[in-house]
Amino acid sequence: MTEERATRDEFGSLGVWVWLGDTRQDTLQFRTLKRRTEDTFKAHAHTRTDQFAVAKQLEGLQEKFQVLSRDELADALRARLTELDQHRSPWFPEILSLLLQLADHPAQFSKVDQVARPKLREEVKPLVWNQLDAAGSAYCEEDIWESVDFGADSSDDDLSSISTDSYRTRNETQTSIDIEDDYVIPEELFTSGEDDELMNLIKRAQFWNSAENPVADQGEPSSRVITELQVIRETVFMLQGLPTSLFWRLDGRVEISRRYAVAKLSNVTFLSLLRALSSIGTKLDLVRQFNKLPQTIPYMQTFHRGVESHLSRFDTFLSSVQLQLLSRASTVSASLLQVFEDVRRESRLLLMLSELVSSLVSDVSGSSMRCLDLMYDLICLTQATGDDDGFINLAELFFSCFDVYSRPIRLWMETGQLEASPGNELFILENRNHGDLRTLWHDWYTLDAASRLLEAPKFIHPIAHKIFITGKSMMFLRHLNMSEIEETISMSSLTFEDVLPAGSASFCLPFSILLETAFGRMVDKNHSYASALLRKELDQQCGLWRSLEALEYIYLCKDMSIFGPIDSKIFDLIDRGKGAWSDRFLLTELAQSSFDILPLVDPSRLIVRTNQDAHIDTSSRNRSVKILNAISFDYILPWPVANIITKDAISGYQRISTFLMQIRRAKQTIVKQRLQHNNQSDKIQDTRNNTLSYALRHNMIWFLNALYSHMTDFVVSTATASLRKTLSASADVDAMIAAHHSYMSSLQEQCLLSANLHPLHKATITILDLCVCFADIQTSRYGDNHLDHARTASKGMKGLNRGAAYDDDEQSDDEDKEEDESDIDDDKLAASFHETHYLQRVRDIKDQFDRLVSFMVAGLRGVGRVDGQISWEILAEKLEWRKAGGQQGL
């Protein structure tokens, strides 16, 4: 059995083995391997080999051999592939792919000497004379031996040339001819005698190079006389921006050359015409230079194209002038003056644009928006001068530029989105740091009136605020999920026909009025629609009016039957001296349960907050109405309504609510403590004392009732009714916000809470504290423990007197012992002292109360004379009436 050698191929996972050497096919191992191999191929576990990829690899291998200077390998491979191609088989690509994968550095390890060489080609037998037609009978009927006429046809592909070449090849000895590198083609090959006259004409037309031109005898010996036609041609070239000899450019200006003159034409007149033409050329050069500058701003690109179109029209006119000069008959002379008039007429618009371009170039601020303002002023000036053609052309250019400039404005007004356009920033700033929808209207976008609006065109300034409000309204509606707004609102561009309709008498009106009216009408239309749609959504979907009425119940005490239990609970806890009165959880639950009966109020949005000072339990603070400043009711509004009723407005509501609660607190202490009489008190007080107390109590209750009813029944109700009318007539959200802000300012001012009325508010709080103090005095005298209060007050007075007479602690201890031994005498003395102290306190409170009320009356009248507010006079009259009627018997 021969030696078996096997190698594993790339498809090792298939279990395919290739056996090399002589093996017997009747062995069991051979049959097993054959069966497994056939099953593997039949299973088609892998796709067929790409024959084109294999061919490409073989070609690359041949090129690799040639690059590595192994041409013998490349030839051997090419020969065998050619031989293999004659015996086609569907398995050849797989076999060749397998060989390529098994190859290992074939350029280094392959040896040609071990490979059989291909068969050599059969040698070509040499040509012998007997195979030729010696008699020439094969070509006897053709004219191949005749001379060829090269002048008949100059084609390089002529058969006669080929025959001649073949004849010379057969009959002449072949020699190599080298073409000289420095060979110069003779001039006669380029020109013929027929074109000499044309060349002379061209040379004579070049007057700047001709020495035959005569010298003018006009005071300038160096001047050369040229024809008027030559001057016109030079002028046309100069106006086209081309270099000339008659005109030359220096520092951006077109200067004239004094070396030339025109025969039979005054030199002064000639130079004057040239200066006028050079001035036009200077301005046109400025426009051409501007038109070569690249523009990045969209509307400036439109302006650039417009200027380019006008330049193209002017160049067309110059070409027509040249055409007319070339087609003139020799008898008709060219007129420089006529050309000057035509040029001045056709270049009028470009000359106006050159002034505009000059202003743009010389603008030190570099504002890109100045172009529209300059065009606007130029159009107004052109209309005023009566140049209708220039006015129409400039107006059309202006509206084409304004259409591009106003695209961000239209996008903002249609969708509420800002377009980031380079160099064309809108006068609206976007603040991306805020994400709170409650401040969407106020903080997300702002009108940049300090910088960007100043750079905007002047005719936009009067309506910039409406543009800003319209865009914010659309942005607000988009956040309210109003998907149909983009389909209903579409702002068209402003065109020339919108401002100046054809066949109308609008040309008689100033362009500024026409433009501002048309653009304002377009903005007003979109502003009205967007504002009306937003106001409708705020009313129907967001519940603006329901929220306003809920705030009246919560803060302005529209229904005291709801606020009564809340006041009673808070005031009772304060009187007991317990800290539970400032428990925000208890107060929140109390407020939510009280307002749960109102369908307008959402109890889950109502929260009672307390500050840190509320937890400081001091007896002095508990007996003052200022302690109620620590409590504030907070009603969480929906975010659309919160944009109308801002946080500052809610703070104003809270201040008014606290002030009204302070008034109710003072009244509650007086009403709760009534003057009580008993036998013991009758023994130690007289009728005059009771009359003084009754009168003071009556005056205080009258003051509190007059103040509270004035603020709730007159101030709040009148201001609220006015607010509803103003909100119904508001044009947009800004007007609604301004109306509510004015409403809150008026309420706070009439409730004595504004900064300029702080002295009156402070006096009012002092009067309220006096009412609480008076109620405490009544409690200490007529309460059940009035003897204890009297004894305490008596001991306090004795302590003050002894403190002035004695300095030792021992003497003080002795006096304390004496007090313990004589309790009956002390009780009598305490009762007498309490009576005296009570009368003095009542008189002091009465005097201070009367003084503060008089101060308030005088202050209210003074404020009423300043601002003319009728509520001040009404409140002053009420307080004066109390003084006139209630104090006569005192």
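Here are a few things to note about the model shown:
- Unmet criterion (only one of (1) touching a residue at least 40 places away in the same chain (Cβ under 8 Å); (2) touching a helix residue (DSSP H, G or I) at 6+ places or on another chain (Cβ under 7 Å)) for ILE256: (1)
- Residue within segment 481-495 that is modelled with pLDDT of 85 or more, in contact with a helix residue (DSSP H, G or I) (Cβ under 9 Å, 6 or more places away or on another chain), on the phi < 0 side of the Ramachandran plot and part of a loop (DSSP other than H, G, I, E, B) present: no
- Out of GLN338, GLN383, one residue alone is loosely packed, with under 14 Cβ neighbours inside 10 Å, assigned to a helix (DSSP H, G or I), of a type outside the set (A, V, I, L, M, F, W, C) and at pLDDT below 90. It is GLN338.
- Test result for LEU675, hydrophobic (A, V, I, L, M, F, W, C), modelled with pLDDT under 90 and buried (at least 20 other Cβ atoms within 10 Å of the Cβ): no
- Flag for ILE767 being out of contact with any His (no Cβ under 6 Å at 6 or more places or on another chain), in a helix (DSSP H, G or I), within 25 Å of GLU877 (Cα to Cα) and among the aliphatic types (A, V, I, L, M): yes
- Within segment 247-304, the residues that satisfy the criterion of being assigned to a helix (DSSP H, G or I), within 53 Å of the chain's Cα centre (by Cα) and either over 22 Å from VAL236 (Cβ atoms) or among the hydroxyl-bearing types (Ser, Thr, Tyr) (or both) are SER278, SER279, THR282, PRO298, TYR299, MET300, GLN301, THR302, PHE303, HIS304.
- Among the candidates VAL853, VAL857, VAL863, the residue that is more than 20 Å from LEU768 (Cα to Cα), at pLDDT 85 or above, surrounded by 12 or more Cβ atoms within 10 Å (Cβ to Cβ) and not polar (S, T, N, Q) is uniquely VAL863.
- Count of residues meeting criterion [surrounded by fewer than 16 Cβ atoms within 10 Å (Cβ to Cβ) and either modelled with pLDDT of 65 or more or closer than 30 Å to ARG438 by Cα (or both)] in segment 497-510: 6
- Residue tally, condition among the aromatic types (Phe, Trp, Tyr) and either under 19 Å from ILE644 (Cβ atoms) or modelled with pLDDT under 80 (or both), over segment 457-480: 2
- Enumeration of residues in segment 697-735 that are over 17 Å from ALA876 (Cα atoms), acidic (Asp, Glu) and in a helix (DSSP H, G or I): ASP734
- Residue in segment 753-763 that is surrounded by fewer than 21 Cβ atoms within 10 Å (Cβ to Cβ), more than 50 Å from the chain's Cα centre (by Cα) and not acidic (Asp, Glu) present: yes
- Selection within segment 386-423 - outside any helix (DSSP H, G or I) and surrounded by fewer than 20 Cβ atoms within 10 Å (Cβ to Cβ): GLY386, ASP387, GLN417, LEU418, GLU419, ALA420, SER421, PRO422, GLY423
- Qualifying residue in segment 742-760 (condition: within 30 Å of LEU839 (Cα to Cα) and of a type in the set (A, V, I, L, M)): yes
Here is a yes/no grid of residues against (1) farther than 27 Å from LEU480 by Cα; (2) outside the structural domain of HIS479 (by TED's automatic domain parsing); (3) modelled with pLDDT of 90 or more; (4) assigned to a helix (DSSP H, G or I):
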{"site": "ASN526", "(1), (2), (3), (4)": "no, no, no, yes"}
{"site": "ALA532", "(1), (2), (3), (4)": "no, no, no, yes"}
{"site": "ARG535", "(1), (2), (3), (4)": "no, no, no, yes"}
{"site": "ALA550", "(1), (2), (3), (4)": "no, yes, yes, yes"}
{"site": "LYS558", "(1), (2), (3), (4)": "yes, yes, no, no"}
{"site": "GLY564", "(1), (2), (3), (4)": "yes, yes, no, yes"}
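The values are calculated or read from the model by the stated rules, or taken from the named source; none is laboratory data. If you're wondering where the values come from, they're calculated on a predicted model, not measured in any experiment. Positions of Cβ are generated from backbone atoms using ideal geometry, with glycine treated the same way; all protein chains shown enter the neighbour counts.
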